Amino acid sequence: MKKDSWLASPFMVWVLIFTVVPLGMVCWYAFTDASGAFTFENILKIGTYWDYLKDSLIMGAVATALCLLLGYPLAYIMSRASWGAQQTMMMLLMLPQWMNFLLRTYSWMTLLENNGLINNILGRIGLGPFHMINTKGAIILGMVYNFLPYMILPIYSVMEKIHDSLFEAARDLGANRFNTMRRVVFPLSLPGVITGITMVFVPSVSTFVISQMLGGGRNMLIGDVIERLFVGAAPNYNVGAALSLVLMVLILISMAVMKKFDDGEETGGLMM
Amino acid sequence: MSENIISLKNISVSFDDEVILDKLNLDIKDGAFVTLLGPSGCGKTTTLRIIGGFQEPDSGDVFFGSERINDLPAHKRKLNTVFQRYALFPHLNVYENVAFGMRVQKKSEAEIKAKVAEMLKLVSLDGFEKRRTSTLSGGQQQRVAIARALANDPRVLLLDEPLGALDLKLRKEMQVELKRIQSRLGITFIYVTHDQEEALSMSDTIVVMNHGVIQQIGSPTDIYNEPENGFVADFIGESNIVDGIMHADCDVEFCGTRFECVDTGFGKDEEVDVVVRPEDVIVVPKEESGLRGTVTSVTFKGVHYEMYVNVPGEEEEWIIQSTVAQEEGKEIGMTVIPENIHIMKKYTGDYASDIEFE
């Protein structure tokens with residue numbers, strides 16, 4: 001193994017140039033002022049952006065919860081289907097992902113507009129028009145639509161490995177469908193659930209494209225704020241970097257909590 | 001002991017036009033150790049799965065005592081299964097695996113604790129409560145699977161080739177252990193295996209199956225000593241099966257030699273199958289028997305030598321077992337005492353190909 005480790009060197013160089021160096025720059029900006037002197041000012045300024053941060057965390061959490069609610073049953077059904085049906089469902093799930101992310105989100109704009117397709121159809125049967133675009137609901141919809149596959153895939157991949165004989169063993173021991181679900185399927189799928197939550201929550205919290213396109217600039221998320229601080233009319237790299245850092249730390253903390261939960265389950269038997 | 005606990009009536013199953021079970025009838029007595037024995041594909045596992053409720057028969061009835069249970073789902077049947085690959089829950093430790101059934105029934109913690117302790121003691125795994133199942137050896141996992149199935153107090157325990165994955169020594173130990181557990185609990189065991197030796201050493205009753213049809217039901221000694229047809233004789237142990245002609249009661253001719261036997265009731269000059277176990281062949285000087293052949297190979301097997309003998313005019317070589325080795329190439333005479341000659345009605349199938357169906 002040891003002598004093959006040079007094979008990883010291209011990747012190491014890549015990581016150094018595109019991860020370590022930029023991260024160092026973010027840190028440097030976050031702890032300096034415009035003249036380059038060390039300061040805590042920028043970090044302390046995050047108080048003024050607290051509402052955006054809070055909104056982002058809440059909407060990210062709602063989107064993640066919805067993805068779990070929609071994705072979990074689907075992952076279960078997929079994992080128990082015949083091989084052919086599994087392939088078809090996987091295809092249907094991945095197909096929209098092959099289209100550009102921006103295009104997909106644009107199409108939601110035209111669907112949700114006040115005189116868009118949905119209101120048009122509803123109008124014909126005498127309903128609406130409903131105000132849907134530029135709301136928090138539209139942003140959450142965009143997050144769920146774009147990130148749902150990242151919830152389904154990890155859950156599906158752990159569920160698919162649950163052998164049929166475990167279902168039979170549970171039934172044999174007197175468990176009905178509900179009990180089999182609660183006592184066998186759910187605990188065994190937990191690692192997938194945790195990966196899925198992380199994979200949906202992280203991009204949801206930090207998105208700015210979805211909130212700009214479906215939120216119409218009136219429902220700014222922390223991602224939008226950071227973007228403006230870098231490329232807006234009055235750029236301030238130092239505060240932008242500080243906010244990025246805070247967001248990153250918050251995400252790391254939430255992932256660590258999740259991971260802890262997962263490990264606890266894994267070794268639960270040993271600790272008891 | 002005399003009541004039937006499980007009865008199968010006219011059970012038929014087929015998959016994709018292939019007949020798996022053909023109008024099977026079987027009564028299993030309460031408290032018995034019954035083994036379903038046959039090559040794979042004979043329908044023994046399907047029979048077990050029908051009793052367990054994991055598979056529905058195309059036609060026929062399943063009775064538990066006097067109650068018809070065709071429509072009773074698996075989780076409501078008063079029987080439990082030890083699965084071929086154990087099927088232990090990987091997320092639970094030994095204690096929780098054994099407790100699973102009782103947790104589902106919402107038994108009290110104290111009751112669960114006492115029962116788990118009792119069950120683990122029964123399978124000699126006390127002290128293993130906190131272990132994860134993945135850290136156990138195959139034999140230990142098998143014991144957990146048995147304890148888990150028995151913790152629900154089933155009246156019938158179904159075992160689907162439970163020892164198949166264990167090595168020979170462990171398998172022998174577990175055979176003794178299973179028999180001990182069964183006689184101690186006094187419940188019915190229905191055991192599926194393709195290993196005739198396992199069947200012979202554990203069962204009260206053996207059900208020999210082939211192609212979805214029961215070939216013979218009987219005690220191990222009946223099955224071994226009085227096989228009803230050539231398939232049973234061949235499957236239950238190595239045998240010499242040759243064509244014979246029954247001249248009269250107790251007078252049979254095979255390999256060009258007349259022998260005295262103990263079978264009666266065949267038609268005059270009826271063509272029959274004659275079965276002789278390898279250990280029942282007695283080697284004599286060639287002048288003393290009409291049944292002669294040349295030794296072609298000698299293999300040391302531990303307790304005895306196994307020898308193949310080419311008998312002129314016979315398609316198959318005879319196989320004989322003896323504690324005395326003969327020289328390869330030597331011409332010997334062979335004889336059999338009347339009690340060890342088993343006469344059976346002609347079996348129309350091909351034994352060899354039936355067994356290789358496995």
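The values are calculated or read from the model by the stated rules, or taken from the named source; none is laboratory data. The structure displayed is predicted, hence computed values, not measured ones. No Cβ is skipped: glycine too gets one built from the backbone with ideal geometry, and neighbour counts run over all protein chains shown. Calculation scope for accessible area: heavy atoms of the full protein, side chains included, ligands and nucleic acids excluded. Shrake-Rupley method; radii C 1.70, N 1.55, O 1.52, S 1.80 Å.
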In whole percents, the bins of 5 Å from zero upward hold the Cα-Cα pairs of region A:195-256 as 4, 19, 24, 22, 19, 9, 3, 0
Taking region B:7-135 as the region of interest, what is the percent of Cα-Cα pairs per 5 angstrom bin, listed from the shortest bin to the one with the maximum distance? 2, 9, 15, 18, 15, 13, 12, 9, 5, 1, 0
Excluding residues fewer than 8 positions from B:Lys106 in its own chain, the lysines with Cα under 22 Å of it are B:Lys76, B:Lys78, B:Lys115, B:Lys130
Give the aspartates and glutamates reachable from B:Lys113 as a straight Cα distance under 17 Å; neighbours fewer than 8 places away on the same chain don't count. B:Glu96, B:Asp126, B:Glu129, B:Asp153
Could you tell me which residue out of B:Asn152, B:Gly43, B:Ala199 lies farthest along the dipole of region B:4-225 toward its positive end? Charges go on the beta carbon: Lys and Arg +1, Asp and Glu -1, centred on the Cα centre. B:Asn152
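Out of the total accessible area of region B:230-356 (probe 1.4 Å, heavy atoms of protein only), what percent is carbon and sulfur? Write out the running numbers ahead of the final one.
Working: 2970 of 6360 Å².
So the carbon and sulfur contribution to the accessible surface is 47 percent.
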Once you sort the root eigenvalues of the Cα gyration tensor of region B:1-72 as a ≥ b ≥ c, which label holds: rounded (a/c under 1.5), prolate (a/b larger than b/c) or oblate (the other case)? oblate
Would you look at the GNM of chain A, springs on alpha carbons closer than 10 Å, and say which of A:Asn119, A:Asn176, A:Asn134 moves the most? A:Asn176
Given bins 5 angstrom wide, list per bin the percent of all Cα-Cα distances in region B:4-225, short to long. 1, 7, 15, 19, 20, 16, 12, 7, 3, 1, 0
Please work out the average accessible area per residue across the protein assembly as shown, using the 1.4 Å probe convention, and give it in Å². 50 Å²
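Give the A-B buried accessible area in Å², both sides summed, 1.4 Å probe, nearest 100.
On the way: alone 16640 and 17200 Å², together 31680 Å².
Roughly 2200 Å².
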Straight-line reach from B:Lys268: which aspartates and glutamates have a Cα under 13 Å away, not including same-chain ones fewer than 8 places off? B:Asp249, B:Asp251, B:Glu253
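Scan chain A and report its longest stretch carrying no trypsin sites (Lys or Arg not before Pro) that are both in a DSSP loop and have at most 12 other Cβ atoms within 10 Å.
Values: sites that count: A:Lys161, A:Arg218.
Longest stretch, sites excluded: A:1-160.
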Per the Debye formula with a single identical scatterer at each Cα and no solvent contribution, what log10 I(q)/I(0) holds for region B:223-324 at q = 0.12, 0.15, 0.25 Å⁻¹? -0.42, -0.66, -1.50
With every protein chain kept in place and a 1.4 Å probe, the residues B:Ser203, B:Ser59, B:Ser183 fall, from largest accessible area down, as B:Ser183, B:Ser59, B:Ser203
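Per the 1.4 Å probe, what fraction of the accessible area of region B:4-225, in percent, lies on carbon and sulfur atoms?
On the way: 4360 of 8980 Å².
Whole-percent figure for carbon plus sulfur exposure: 49.
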Per DSSP helix of 4 or more residues, -39500 (n - 2.57); summed, then divided by the residues of chain B. What does that give at 222 nm, rounded to the nearest 500? -7500 deg cm²/dmol
Mind grabbing the base-10 log of I(q)/I(0) for the protein assembly as shown at q = 0.12 Å⁻¹? Debye formula, identical points on the C-alpha positions, no solvent, two decimal places. -1.22
In whole angstrom, and with the biggest value first, how far do the Cα coordinates of region A:102-168 range along each principal axis? 53, 28, 19
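Name the shape class, rounded, prolate or oblate, that the alpha-carbon gyration tensor gives for chain A, where a ≥ b ≥ c are the square roots of its eigenvalues, rounded holds for a/c under 1.5, and otherwise prolate holds if a/b is larger than b/c and oblate otherwise. Display every interim value, and only then the final one.
Values: a/c = 2.02, a/b = 1.22, b/c = 1.65.
The shape class here is oblate.
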